[in-house]
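Here the structure is laid out as structure tokens; the discussion comes afterwards.
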Amino acid sequence: RAIMSISKMGDVNSIHALQALEAASDNSNQIISETALLNIGILGSQSESLRSDVSQYLSKNLQSEETSYLTLVSIDNLNDRTLDSQVSNYLKSEHFDERMVAARVLARNPEMKQALREQAIKDSNPNVVREIVNARLSTPDLLPFDSNYQHQLRNRIMNGDIPTPTKEMLFEYLMSGSQNTPENQAVAEALYKEAELSESTRQKLASLLNQ
């Protein structure tokens, strides 16, 4: 509780708050150190004067790679684009949770849209793909995907050696950027036959195929 109270101090004694959290993040008690690290990002989001210092601290922390996941979550809490180029390297991480948080952070930056589209095609983990899909669906005035990218998505769903939940996510992604074309109907029919399909997706596909 004390750590979370410190993170909400904002500009009041802000530099002291940051120093206290930095010290706590080095604590031998894992729960204390992890909680402090996560709250450093929150502090930076609430104190404009500290944003740069917090970014520098998290950037240095990310380079050490010892607490990559928690540092990425703290960067997500910070909600600042200055570390996006560093964060984008974690789209290639072998750990899906790091890729997932990296995608969530980068989804706020329109300049990272292409990188995330490429990630959606490459990543087989449904949690990572879900972050990319949800980010797109929360964007107003969606533009359609170009025909080549639609073709890549259809091919990935039909021929990719990926889990069924990932295929479900990719189909939702595909339909968010295209129409109910004969090509998409063929994908829907193939996906409908997947034994592990979720009931909610099965109902959506049945509705789509009956149009």
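Computing volume of the Cα convex hull per residue in Å³ directly from the structure and comparing it against [x] 124; [y] 133; [z] 142 singles out [z]. Between LEU21, LEU37, LEU197, the Gaussian network model of the chain with springs among Cα atoms under 10 angstrom shows the greatest mean-square fluctuation at LEU197. For the residues PHE171, PHE145, PHE96, a GNM of the chain with alpha-carbon springs under 10 Å puts the largest fluctuation on PHE145. The modelled label-to-label distance for the pair ASP146/ARG202, using points 7 Å beyond Cα in the direction of Cβ, is 3.9 nm. Counting only protein heavy atoms and using a 1.4 Å probe, the accessible area of GLU168 comes to about 30 Å². Working from label points 7 Å from Cα in the Cα-to-Cβ sense, the ASP161 to LYS122 distance is 1.9 nm. A Förster radius of 41 Å, combined with the Cβ-Cβ distance separating GLU66 from GLN211, puts the computed FRET efficiency at roughly 0.20.
Normalising the average separation of contacting C-alpha pairs (under 8 angstrom, six or more residues apart) by the number of residues puts the relative contact order of the chain at 12 percent. Within the assembled protein chains, the solvent-accessible surface assigned to MET112 is about 40 Å², based on a 1.4 Å probe. Cα centroids of the range 144-211 and the range 34-95: how far apart, whole angstrom? Measuring centre to centre over Cα atoms gives 35 Å.
Counting heavy atoms of the protein chains alone, THR201 has an accessible area of about 20 Å² for a 1.4 Å probe. From helices alone, the chain scores -21000 deg cm²/dmol at 222 nm; the rule is -39500 (n - 2.57) for each run of n ≥ 4 DSSP H residues, then divide by the residue total.
Put SER14, SER45, SER200, SER138 in order of accessible area, highest first, and with a 1.4 Å probe you get SER138, SER200, SER45, SER14. To the nearest 10 degrees, how steep is helix 182-192 against the longest Cα principal axis of the chain, on a 0 to 90 scale? Rounded to the nearest ten degrees, it is 70.
For the chain, the longest principal axis of the Cα atoms and the long axis of helix 68-78 meet at an angle of about 80 degrees. Angle of helix 51-64 to the longest C-alpha principal axis of the chain, folded into 0 to 90 degrees and rounded to 10: 70°.
The values are calculated or read from the model by the stated rules, or taken from the named source; none is laboratory data. Predicted, not measured: the structure shown is a model, and the values here were computed from it. We place every Cβ from the backbone using ideal geometry, glycine too, and count neighbours over all the protein chains shown. Note: areas computed on protein heavy atoms with side chains; ligands, DNA, RNA excluded. Shrake-Rupley method; radii C 1.70, N 1.55, O 1.52, S 1.80 Å.
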